[in-house]
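Report on the following structure.
The numbers here are math on the coordinates, done by the rules we state, and not lab data. Small disclaimer: the values here were computed from a predicted structure and weren't measured. All Cβ positions, glycine included, derive from the backbone under ideal geometry; neighbour counts span all protein chains shown.
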Amino acid sequence: MNEFIFFFNSVVINGAVIGSIYAMGAIGVTLVFGILRFAHFAHADMMTLGAFLVLILTALFPAVGPAIGLPTAFVMMPVAMVATAFIAVGIDKLFYKKLRENNVKPVVMVMASVGVTLMLQGLIRFFAGTGTQSLYIDDRKAIFRIDLPFESASRNLVVTEPQLLLFLFLAFAVIALHLFLNKSRLGKAMRAMSDNPDLAKVSGINTNTVVGVTWIIAGALACAAGTLLSLDVTLKPDLSFMILLPIFAAAIVGGVGSPYGALAGGFVVGLTETLAVFNWTFVLRPLERAIPALDLPNTLAFVPTEYKITIPFFILLAILIWRPTGLFKGKII
Amino acid sequence: MQLPKKDIILFSLLAALILIVFASQGSAYSVRVLAEASCYAILALGLTIQWGYAGLFNAGIMGFVALGGFITMLFSFPTNDDFWSTDLPGQLGGVGLKALLSIAIVYGLTQLKRFGVSKKVRLPLIIIASAILYLWVVTSLGPVAEAIESEAGFIGGFGLPVWVGWLVGGAIAGGIAYFIGHICLGLRSDYLAIATLGIAEIIKAFLKNADWLTRGTLTVSPLPWPVPQAGDIGFIAARAAYLSVTAVMIAVIYFLLYRAYNAPWGRTMRAIRDNENSSAAMGKDVNRRRLEVFILGSVLMGIGGAALVTFNGIFDPSGFLPLNHTFLVWVMVILGGAGNNKGTIFGAVFIYIIWTMSEPAALFLIDMARQLGTAWFEWQPPGDLDSRALQARVFVIGLTISLVLRYAPKGLFPEKVAHHA
Amino acid sequence: MALIECKNIHAGYGGMNILNGVNMAIESSEIGVIVGPNGAGKSTTLKAIFGLLNVSEGSIELRGDNITNLSPDKLVHKGMGFVPQEHNVFVSMTVEENLEMGAFIRRDDFNYMLERVYSFFPDLKDKRRQPAGELSGGQRQMVAMGRALMVEPSLLLLDEPTAGLSPLYMNEIFERVIAINESGVGVLMVEQNAKQALRIAHKGFVLAAGKNRFTDTGQNLLNDPEVAKSFLGG
């Protein structure tokens with residue numbers, strides 16, 4: 001029983017946590033992919049930027065959280081989301097819009113986003129240093145240990161407060177996005193533009209408005225993903241490309257342009273990652289006790305933790321070989 | 001041949017810049033900068049043909065650099081007797097054979113389709129077999145690797161001449177490029193960017209953690225040089241000798257590219273670049289040509305990376321950074337003019353000088369700011385202000401990319417593209 | 001005055017002109033049909049009118065209002081609808097969502113317009129919740145036309161509406177075009193099925209090599225032996 005709980009904690013909960021982060025990032029990336037038609041390399045640094053804005057707000061108003069009963073950072077998150085959304089729109093106006101109007105190849109747009117990434121990286125690390133920071137100032141991270149009513153269970157199911165907040169927020173965001181895309185005029189216009197940009201223009205849809213809304217959603221989700229990740233672990237300015245790769249893998253696995261695909265893709269990548277680095281030895285120990293001849297090595301994991309980055313990459317390669325349009329039949333574009 | 005006026009002005013400016021560096025920093029330092037810049041020029045030439053001829057976005061130059069550096073370390077570093085005198089080479093060879101056998105088995109399974117075995121049966125079979133074989137190889141490698149690390153440190157090198165390492169490094173880089181290109185080149189170019197980014201990180205992770213192969217974070221030094229080293233003939237002479245080697249290499253590469261450009265191969269490349277649809281309609285295999293260019297460019301990057309790492313004298317996997325080894329090269333190419341070899345070399349030297357000089361410049365400015373700040377506002381600067389100052393260079397590189405793309409997308413030496421109405 | 005009047009249009013892609021002085025005009029009660037050999041500039045004329053490519057010389061007037069080189073979304077506001085030849089529906093969206101997108105610029109309650117479109121195309125009403133990508137070619141064409149009608153345009157531009165359709169669907173499309181025209185919408189249509197199209201045309205424009213060759217009523221063009229021989233396959 002303990003083995004199962006350990007498995008559940010290490011794989012199911014952890015996998016779901018990292019999967020949710022990837023999903024949130026991937027939804028933003030896939031929307032930009034579908035409507036602006038390029039791979040937005042600066043997304044990871046937008047996540048870090050959002051988290052830093054939350055850090056600043058949390059440092060300025062540390063008493064807010066304890067007053068409400070939630071982490072201050074979480075309370076400040078919506079404000080930072082709005083700010084990040086505006087910054088995203090601003091970045092587009094400054095760096096991407098002109099190139100888009102000149103009809104450059106998508107690769108040039110990717111290069112431009114690399115330029116933006118480096119600028120964001122440089123700015124963030126210049127003003128905030130390269131060390132890790134905690135988003136918990138003046139409040140504590142609540143950890144919930146759930147006792148299971150089984151006799152053989154001496155371990156607890158462990159879930160932390162930020163993890164619960166993450167799941168709740170993701171559910172809320174997905175439902176809100178679903179309603180927006182399917183019930184609102186602007187949301188449908190976004191789907192239309194993703195489907196057929198020329199026809200959207202011909203129908204009179206204002207492409208600039210749709211582009212702006214895309215950046216607002218992408219920026220807000222990036223901020224949320226960065227913040228919730230940093231609440232769960234710590235805020236690391238170094239994250240950048242390490243998290244960009246899994247997010248892109250998730251978006252492509254799910255089918256580029258489809259937010260639901262990104263959601264699924266995020267969990268696929270997250271759970272695969274956790275399963276691959278999981279040390280099966282602990283779980284298989286009962287088997288070892290039962291069969292004395294079986295001698296398990298100390299660590300039996302598919303992939304050592306130092307090589308964790310390879311997993312999203314191989315998932316990506318696999319999907320590109322096997323089914324480039326992804327699970328939800330997005331566009332290869 | 002008449003040189004256009006703009007070229008003369010730009011190259012004179014570059015010469016003047018080099019003279020300033022000599023005057024302000026001394027000869028030893030300046031020759032070092034030039035030698036490193038020449039290695040970067042080789043990297044940049046590799047990128048310029050990938051981007052300028054074939055429109056391919058390689059975001060993983062760092063990986064090819066690291067690979068070239070590793071191969072050259074492996075081939076040219078003196079042999080490690082602690083390793084060869086034991087039975088560990090045999091054991092390692094055994095693991096290698098197991099790996100080859102596994103690959104052969106998996107390959108054989110993929111060929112089952114010739115025997116009419118349906119995909120539904122084949123695919124799970126391949127996956128399960130791959131998983132089992134993988135675990136088999138990895139678990140047998142584990143103890144051997146640990147034994148190597150505890151008894152011999154690492155496997156050492158082969159003690160071969162340096163240029164062998166450089167060439168093999170280029171070849172292996174080309175091999176990796178074939179693998180990646182084969183999968184990604186038929187698809188969108190964004191996917192190639194993501195894939196190359198990924199492979200670079202993986203190569204780096206592998207080299208950093210395979211202590212039995214590379215000593216990981218303990219690093220390997222000193223690396224042998226193709227010319228006498230500073231200990232024998234002094235800094236300036238040694239570095240100048242190295243520079244002459246790389247300069248000759250650049251000249252040879254430049255000449256070969258020039259010939260290729262004007263040959264049928266080059267004309268096909270340009271036709272594809274200028275008007276892909278017509279070329280495809282004429283039967284030119286577009287993707288095949290792109291793959292050739294991708295491989296060729298990667299070979300150059302492997303060689304350039306090997307030369308760079310050899311020059312630095314130390315193989316340190318943590319020292320490979322996307323900024324320094326991928327995006328810096330990007331700036332060199334887009335500033336110089338993608339596809340224009342002359343412009344690329346100009347861009348490489350120019351940007352590298354600016355980059356190296358920016359480090360002391362940034363520290364100097366920050367120091368001034370710190371002094372003024374404490375004097376005027378009693379500012380308490382954070383302790384890591386110096387390392388933060390270096391982050392400003394990251395910002396500047398990003399800004400340069402954005403500005404060049406916006407205002408001079410064809411670079412300083414634009415490539416002439418024929419316009420067909 | 002004419003609903004739409006094109007005077008001496010020179011237009012094309014990039015540097016080269018495809019249209020070298022095209023003239024055209026129809027009234028709001030008319031169906032105008034543009035025919036001619038491949039490369040004559042038929043679709044180019046429609047695209048020039050709808051602001052999808054650059055008009056270097058000449059003018060286009062919508063009820064006397066100069067609309068030359070205005071962008072497509074502005075023209076939609078002015079009461080023009082355009083149905084491209086290919087990729088003319090949002091394949092991942094339902095029939096009804098396609099129509100809603102057609103009405104994007106409308107801020108009023110346009111439910112009555114949905115009903116009106118369904119009355120033009122009864123088949124679509126049953127399929128209103130089906131993704132447009134699952135429909136047959138003819139039904140897709142109807143969705144495409146319905147989408148353009150949602151803004152209640154005064155002028156409807158159709159680029160080869162019967163391309164790739166069976167003769168049965170072709171006739172149905174032409175019948176709908178007549179019905180739409182009779183409801184007060186001027187129609188300017190490019191067609192490859194020249195004979196059948198000219199039969200329903202009030203005005204016919206035969207283009208060749210970017211210039212007008214013949215302009216007359218549809219009936220007269222059909223009866224003219226010279227036109228029949230050169231452009232209508234005898």
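For chain B, the mean residue ellipticity at 222 nm estimated from helices alone is -25000 deg cm²/dmol, where every DSSP H run of n ≥ 4 contributes -39500 (n - 2.57) and the total is divided by all residues, rounded to the nearest 500. Principal-axis analysis of the Cα atoms of chain C puts helix C:137-149 at an angle of about 90° to the longest axis. Taken residue by residue and averaged, Cβ atoms of other chains lying within 10 Å of the Cβ of A:183-193 number 3. Report, in listed order, any pair from C:K7/C:K47; C:K47/C:K125; A:K188/C:K127; A:K97/C:K211 with a Cα-Cα distance greater than 27 Å. In this structure, C:K47/C:K125; A:K97/C:K211 exceed 27 Å between Cα atoms.
Between Rg and the Kirkwood Rh of chain B, both from Cα atoms, what is the Rg to Rh ratio? Could you put the intermediate results ahead of the total?
Numbers: Rg = 24.1 Å, Rh = 23.8 Å.
Dividing the radius of gyration by the Kirkwood radius yields 1.01.
Comparing C:M145, C:M189, C:M113 in a Gaussian network model of chain C where C-alpha atoms under 10 Å apart are linked, the largest mean-square fluctuation is found at C:M113.
Kirkwood hydrodynamic radius, chain C, all distinct C-alpha pairs: what's the number in Å?
Numbers: mean 1/r = 0.0560 Å⁻¹.
Its Kirkwood hydrodynamic radius stands at 17.9 Å.
For a straight C-alpha distance cut-off of 16 angstrom, no lysines are reachable from A:K236 once same-chain residues fewer than eight places away are disregarded. Lys-Lys pairs in chain B that are eight or more residues apart or on separate chains and whose Cα atoms lie under 24 Å of each other come to 10.
Can you tell me the dipole magnitude for the range A:2-322 around its Cα centre, using point charges on the Cβ only (Lys, Arg +1; Asp, Glu -1), in Debye to the nearest 20? Intermediate results must be reported in sequence, preceding the final value.
Numbers: 20 positive and 17 negative charges, 204 e Å.
The calculation lands at about 980 debye.
At a Cα cut-off below 12 Å, give the aspartates and glutamates reachable from A:K183, other chains included and same-chain residues fewer than 8 away excluded. Correct list for A:K183: C:E97, C:E100. Between B:A173, B:A99, B:A147, the residue with the greatest mean-square fluctuation in the GNM of chain B (Cα pairs under 10 Å linked by springs) is B:A99.
Under a Cβ-only charge scheme (Lys and Arg +1, Asp and Glu -1), can you give me the dipole magnitude of the protein assembly as shown about the Cα centre, in debye to the nearest 20? Walk me through the numbers before you get to the answer.
Details: 74 positive and 67 negative charges, 373 e Å.
Here the protein assembly as shown has a charge dipole of around 1800 debye.
With the charge dipole of the protein assembly as shown set up from +1 on Lys and Arg Cβ and -1 on Asp and Glu Cβ about the Cα centre, the Cα lying farthest toward the positive end among the listed residues C:V35, A:F172, A:G122 is that of C:V35.
The residue among B:F294, B:V227, B:I314 whose Cα reaches farthest toward the positive pole of the charge dipole of the range B:213-324, with charges on the beta-carbon of Lys, Arg, Asp and Glu, is B:F294. For chain A, the membrane-span-like helix rule (DSSP H, alpha carbon extent of at least 30 Å along the helix axis, mean Kyte-Doolittle at least 0.5) picks out A:14-36, A:106-128, A:161-183, A:207-232; this says nothing about an actual membrane.
Show me the helices of chain B, taken as full DSSP H stretches, that run 18 Å or more along their long axis by Cα and average 1.0 or above in Kyte-Doolittle hydropathy. Walk me through the numbers on the way to the answer.
Numbers: long enough: B:5-25 (30 Å, 1.70); B:27-48 (30 Å, 1.16); B:61-76 (22 Å, 2.01); B:88-110 (33 Å, 1.30); B:119-151 (47 Å, 1.02); B:162-184 (33 Å, 1.58); B:189-209 (30 Å, 0.85); B:235-262 (40 Å, 1.37); B:286-312 (39 Å, 0.93); B:341-377 (51 Å, 0.84); B:385-407 (33 Å, 0.98).
What comes out of the filter, once short or polar helices are dropped, is B:5-25, B:27-48, B:61-76, B:88-110, B:119-151, B:162-184, B:235-262.
Among the residues of A:105-112, the average count of other protein chain beta-carbon atoms within 10 Å of the residue beta-carbon is 6.
Ordering B:F346, B:S76, C:L198 by Cα displacement along the dipole of the protein assembly as shown toward the positive end leaves C:L198 in first place; charges were set at the Cβ atoms of Lys, Arg (+1) and Asp, Glu (-1). Distant-in-sequence amide contacts of C:N212, defined by a placed amide H-H separation under 5 Å and a gap of 5 or more residues or a different chain, comprise C:N23.
Roughly how big is the range B:81-153's charge dipole about its Cα centre, with Cβ charges of +1 (Lys, Arg) and -1 (Asp, Glu), in debye to the nearest 20? Before the final figure, lay out the partial values.
Working: 6 positive and 6 negative charges, 238 e Å.
So the magnitude is around 1140 debye.
Of all alpha-carbon pairs in the protein assembly as shown, indicate the percentage at a distance above 55 angstrom. Percentage above 55 Å: 25.
Considering only A:F52, A:F127, A:F61, the mean-square fluctuation computed in a Gaussian network model of chain A, springs between alpha carbons under 10 angstrom, is largest for A:F127.
Peptides B:139-145, A:118-124, B:35-41 ranked from most to least packed by the mean count of surrounding Cβ atoms within 10 Å: B:35-41, A:118-124, B:139-145. Taking the Cα atoms only, what angle lies between the long axis of helix C:111-120 and the longest principal axis of chain C, rounded to 10 degrees? Value to nearest ten degrees: 60.
Tell me, what is the percent relative contact order of the range A:139-250, built from C-alpha pairs under 8 Å that lie six or more residues apart? Could you put the intermediate results ahead of the total?
Values: 58 pairs, mean separation 20.2, N = 112.
Once divided by the residue count of the range A:139-250, the mean separation gives 18 percent.
Computed over the alpha-carbon atoms, the range B:109-202 gives an Rg to Rh ratio of 1.09, Rh here being the Kirkwood radius from the mean inverse distance.
Summary of the geometry: the range A:210-274 and the range C:188-234, compared by the centres of their Cα atoms, lie 57 Å apart.
Write down the Kirkwood hydrodynamic radius of the range A:2-322, to one decimal in angstroms, obtained as one divided by the mean of 1/r over all alpha carbon pairs. The partial results should precede the final answer.
On the way: mean 1/r = 0.0479 Å⁻¹.
Hydrodynamic radius (Kirkwood, Cα only) of the range A:2-322 equals 20.9 Å.
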